[in-house]
Every structure is written in structure tokens, then in C-alpha cells.
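Contents: one structure, followed by commentary.
The values are calculated or read from the model by the stated rules, or taken from the named source; none is laboratory data. Just so it is clear, the structure is predicted and the values come from calculations on it, not from any experiment. Don't worry about glycine lacking a Cβ; one is built from the backbone with ideal geometry, like all the others, and counts go over all protein chains shown. We work out accessible area using only protein heavy atoms, side chains counted, and drop any ligands, DNA or RNA first. Shrake-Rupley method; radii C 1.70, N 1.55, O 1.52, S 1.80 Å.
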Amino acid sequence: MLRAGYADGAEGWMGVLVRPEFFPKEVFEIPDFAWPVDDVWLSGQMARKGHGVWITGGLREPYLAPVEKPAHSDDEALFRSEFGGKTRRQLNNEAARYFQDRYGIWS
């Protein structure tokens with residue numbers, strides 16, 4: 001059942017409401033691996049500042065792995081893209097590990 005509650009990450013495809021103070025000043029010091037995976041990067045930065053992601057009830061929870069849907073089945077879909085020889089899934093994992101190793105979140 002779809003319910004309200006906290007999630008580990010936000011995805012912007014449905015919109016995200018944030019305030020500037022949710023992010024540390026380093027939010028714009030983005031490593032090359034994190035540019036294509038802004039959902040994980042921004043979610044990790046908010047978590048560093050202690051701001052959880054609240055999901056509104058009745059909507060799907062964010063899922064940070066690509067899900068194939070008919071509307072996204074074309075070859076140009078962003079989740080199918082590779083950046084520097086790595087898939088978005090690999091970069092999502094790399095960004096999550098960055099926050100785990102550096103800041104001890106999502107461990």
C-alpha cells in the first residue's frame with residue numbers, strides 16, 4: 001500500500017520541494033561521477049544536513065534504480081545512457097558509496 005513516510009532519497013521526476021538551507025555549501029562541488037545522478041547527489045547532501053525525504057501518501061516511493069515502462073522504452077531514455085563508460089545504475093551506486101564512506105550515511 002502506498003503510504004506517507006520517510007525515504008532514503010528523492011527523485012525529481014515528480015517534483016521535490018526543498019529550501020536552500022537543506023543543503024550544505026558543498027552541494028555545488030559535484031564530483032564528475034555524480035553529475036549524471038543528481039537524485040542521489042542531492043538526496044545525500046540533504047541527509048548530511050539531517051533533512052529527511054518525506055513522501056506524500058498515496059504516491060509511489062522513490063526507487064533509485066531504473067524501471068522500464070512503455071513510455072521509457074526508446075533507445076534515448078536517460079536511464080539507458082552511459083557516462084564515462086558507466087551506467088546510471090553504476091553511478092548511482094558509486095554516489096551512494098561516496099556518502100557511506102565519507103559521511104557515514106546510508107550505511
Show the residues, 5+ positions off or on another chain, whose built amide H is closer than 5 Å to the amide H of Lys86. none
Which whole-Hz ³J(HN,Hα) couplings does the stretch 28-35 yield from phi under the Karplus relation 6.51 cos²θ - 1.76 cosθ + 1.60, θ = phi - 60°, glycine and proline marked x? 8, 8, 8, x, 3, 5, 8, 4
Just to confirm the filter: which GluC sites (Glu not before Pro) across the stretch 1-60 are DSSP coil and have at most 15 other Cβ within 10 angstrom of their Cβ? Glu29
5 angstrom amide H check on Val53, placed H, neighbours 5+ away: Ala7
Theoretical gain in end-to-end length, Tyr6 to Phe83 [0.36 nm per residue, Cα-Cα removed]: 24.7 nm
Ranked output for segments 86-94, 37-45 by mean other Cβ atoms within 10 Å, highest leading, reads 37-45, 86-94
Separation of the Arg19 and Tyr103 label points, Cα + 7 Å toward Cβ, nm: 1.8 nm
What number comes out for accessible area per residue over the stretch 6-46 if the probe is 1.4 Å? Units Å², please. 64 Å²
Given the Cα-Cα distance of Asn93 and Trp54 and 0.36 nm per residue of separation, how much length would full extension add, in nm? 11.9 nm
